[in-house]
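Encoded as structure tokens, the structure appears first; notes follow it.
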Amino acid sequence: MNNQRVVIIGAGFAGISAARTFAGTSVDVLLLDRHNYHTFLPLLHQVATCELEPEHIVCPIRKLLKAQPNVQFATNEVKRVDFVSQVIETNNCLIPYDYLILACGSTSQFFGIPGVYEHCFPLKNLENSVNLRNQIIYCFELAQEEADFSRRQELLTFTIVGGGATGVELAGELAELIYGTLVNDYPAIDFRRVRVVLLQAGDKLLPEMPLHLSVYAKRQLQKMGVEVKVASRVTKVMENAVYWEDSHFKNSQTIPCQTVIWTAGVCGNPVAKKWGLVTDNNGKVTVLPTLQVPEYPQVYIVGDLAAPQHEQFPMLAPVAIQQGTTATNNILRQIKGKNPQPMRYQHQGSMVIIGRHAAVANLFGKVNLTGFVAWLLWLFVHLACLPSTRNRFHVLLNWVWSYFSCDRSVRLILPLHPTNQSKPAPQGTTEDGKRVEIN
Ligand SMILES: Cc1cc2nc3c(=O)[nH]c(=O)nc-3n(C[C@H](O)[C@H](O)[C@H](O)COP(=O)(O)OP(=O)(O)OC[C@H]3O[C@@H](n4cnc5c(N)ncnc54)[C@H](O)[C@@H]3O)c2cc1C
């Protein structure tokens with residue numbers, strides 16, 4: 001009898017974990033991703049703020065799978081899946097499957113707010129982070145030459161929308177970049193006029209964390225020069241301004257600025273709905289506790305794209321990793337004629353870095369840490385979780401360098417694609433003028 005063929009779409013945390021769990025089995029696995037590299041998303045904000053090079057947080061997928069002869073990889077964008085005839089259509093071929101694991105991740109959620117899609121900078125993938133880094137540095141370059149006061153103020157105001165983990169980490173890193181490093185690069189700029197504003201629609205930052213950790217995060221950010229505005233809901237974004245209203249008093253306010261960074265919402269990758277799967281109102285595919293699609297028991301959904309009926313899981317890397325393992329184990333059970341098992345998530349905790357010697361951590365939902373100990377733990381855990389030794393070496397080297405020199409050496413404006421244009425493209429676009437593609 002021929003080996004069963006499993007296809008995995010998406011080589012993020014969930015897809016890689018699923019592929020690795022097939023090691024040593026007699027199943028033929030094909031992993032597909034539109035990129036030939038895996039991105040360690042939890043450090044994207046450090047690429048955007050000149051702490052790390054993009055190469056430091058990615059790893060070639062073939063390298064990650066080289067010890068697994070039964071797993072093949074192909075760089076391919078999947079265009080469509082026919083779940084009835086069990087065939088995948090990519091940009092250059094048709095691929096049949098016996099079992100399918102969909103691990104296509106998530107995209108930014110803009111909630112239909114006018115101007116957000118057109119004018120905001122998302123932070124969901126490597127291209128986004130390089131694009132944002134270009135924008136930040138380019139704003140300072142332009143501001144240095146700008147004679148008009150209000151235009152200069154717009155260039156020097158950076159608004160981050162969303163006070164969850166990504167927004168808080170980015171706000172802290174951006175404040176350190178600006179007031180710690182860029183202040184030495186641009187002597188003609190009055191840095192008392194540079195603003196980093198964090199807008200959060202809810203009443204507290206880090207809504208998933210206990211209250212005293214949220215309070216600590218807010219206080220630390222304020223000490224670092226970030227203007228934190230809670231209960232502040234964005235209503236519109238324009239090319240040079242963000243409009244928001246106070247959730248309690250309903251009064252409208254405006255911040256003139258050229259850079260609005262959107263970290264306020266995430267939804268399931270829209271491809272699932274496009275391919276005919278049933279999704280919830282957050283774009284995630286509704287699946288059984290075993291992670292199977294109810295109509296197609298050979299199809300599993302894992303990671304940010306999955307919404308199991310029995311339990312709501314946060315969109316976190318450990319959830320994606322554990323779901324990838326569960327899906328693989330369930331396919332192996334199905335092949336042996338056994339029943340698939342429900343997913344059981346073991347929550348290890350969550351942590352957020354705010355700045356030098358400042359972080360918060362909630363471990364196993366029980367132990368809460370702040371300050372230096374939480375900061376050390378954050379560094380250690382992120383270093384340990386990076387995909388390869390080479391990544392760990394480069395990231396550690398950069399962290400040590402920045403720590404002792406108080407300098408961020410990656411403050412470069414780089415083209416995203418080879419180009420002969422000398423200036424970066426306008427905000428929200430790539431060098432060739434296209435909007436940046438989100439996952
Ligand atoms: C800025 C940021 C910071 C984060 N920080 C943390 C953190 O500190 N801790 C934490 O636990 N979690 C964090 N997360 C969340 C975590 O990264 C996600 O929960 C996790 O990546 C989800 O894994 P996934 O495999 O479902 O999706 P992803 O990791 O997003 O992978 C999806 C993959 O599918 C591929 N793909 C999509 N569509 C197609 C297609 N049509 N054809 C081919 N390939 C396709 C993509 O290229 C991508 O490689 C962060 C996320 C972001 C964006």
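Scanning segment 234-247 turns up no residue that is surrounded by 14 or more Cβ atoms within 10 Å (Cβ to Cβ), within 23 Å of the chain's Cα centre (by Cα) and among the acidic types (Asp, Glu).
Kindly evaluate Ala317 against the criterion of being within 12 Å of the ligand (Cβ to nearest atom) and within 18 Å of Thr107 (Cβ to Cβ).
It is true that Ala317 is within 12 Å of the ligand (Cβ to nearest atom) and within 18 Å of Thr107 (Cβ to Cβ).
Comparison of Met351, Met315 shows that the only residue that is assigned to a loop (DSSP other than H, G, I, E, B), touching a strand residue (DSSP E or B) at 6+ places or on another chain (Cβ under 8 Å) and of a type outside the set (Gly, Ala, Ser) is Met315. When Ile301, Ile321, Ile261 are checked against the criterion of being of a type in the set (Val, Ile, Thr), under 27 Å from Glu118 (Cα atoms) and either in contact with a Cys (Cβ under 8 Å, 6 or more places away or on another chain) or assigned by TED's automatic domain parsing to the domain that holds Ala103 (or both), Ile261 stands alone in meeting it.
Of the residues making up segment 323-348, those that are part of a loop (DSSP other than H, G, I, E, B) and not basic (Lys, Arg) are Gly337, Asn339, Pro340, Gln341, Pro342, Met343, Tyr345, Gln346, His347, Gln348. Taken across segment 153-173, residues that are of a type outside the set (Phe, Trp, Tyr) and surrounded by fewer than 16 Cβ atoms within 10 Å (Cβ to Cβ) do not occur at all.
Residues checked against (1) within 22 Å of Leu316 (Cβ to Cβ); (2) open to solvent by 20 Å² or more (accessible area, probe 1.4 Å); (3) of a type in the set (Asp, Glu); (4) within 13 Å of the ligand (Cβ to nearest atom):
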{"residue": "Val7", "(1), (2), (3), (4)": "no, no, no, yes"}
{"residue": "Ile16", "(1), (2), (3), (4)": "yes, no, no, yes"}
{"residue": "Leu32", "(1), (2), (3), (4)": "no, no, no, yes"}
{"residue": "Tyr37", "(1), (2), (3), (4)": "yes, yes, no, yes"}
{"residue": "Gln46", "(1), (2), (3), (4)": "yes, no, no, yes"}
{"residue": "Cys50", "(1), (2), (3), (4)": "no, no, no, no"}
{"residue": "Pro60", "(1), (2), (3), (4)": "no, yes, no, yes"}
{"residue": "Lys66", "(1), (2), (3), (4)": "no, yes, no, no"}
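The residues of segment 262-311 that are in a loop (DSSP other than H, G, I, E, B) and over 25 Å from the mean Cα position of the chain (by Cα), listed by number, are Gly276, Leu288, Pro289, Thr290, Pro294, Glu295, His310.
When the residues of segment 72-87 are filtered to those that are within 13 Å of the ligand (Cβ to nearest atom) and of a type in the set (Val, Ile, Thr), the one that is surrounded by the most Cβ atoms within 10 Å (Cβ to Cβ) is Val81.
Restricted to strands (runs of 3 or more DSSP E) entirely inside segment 88-142, those with at least 3 residues that are within 13 Å of the chain's Cα centre (by Cα) and either buried (at least 17 other Cβ atoms within 10 Å of the Cβ) or within 12 Å of the ligand (Cβ to nearest atom) (or both) are 106-108.
Answer yes or no as to whether Gln334 is of a type outside the set (Ser, Thr, Tyr) and either at positive phi or within 16 Å of the ligand (Cβ to nearest atom) (or both). Full working, then the answer.
Working: of a type outside the set (Ser, Thr, Tyr): yes; either at positive phi or within 16 Å of the ligand (Cβ to nearest atom) (or both): no.
No.
The values are calculated or read from the model by the stated rules, or taken from the named source; none is laboratory data. All of these numbers come straight from a predicted model, not from anything done at the bench. Counting neighbours? That spans all protein chains shown, and the Cβs are built from the backbone with ideal geometry, glycine included. Remember, those area values only see protein heavy atoms, side chains included, never the ligands or the DNA or RNA. Shrake-Rupley method; radii C 1.70, N 1.55, O 1.52, S 1.80 Å.
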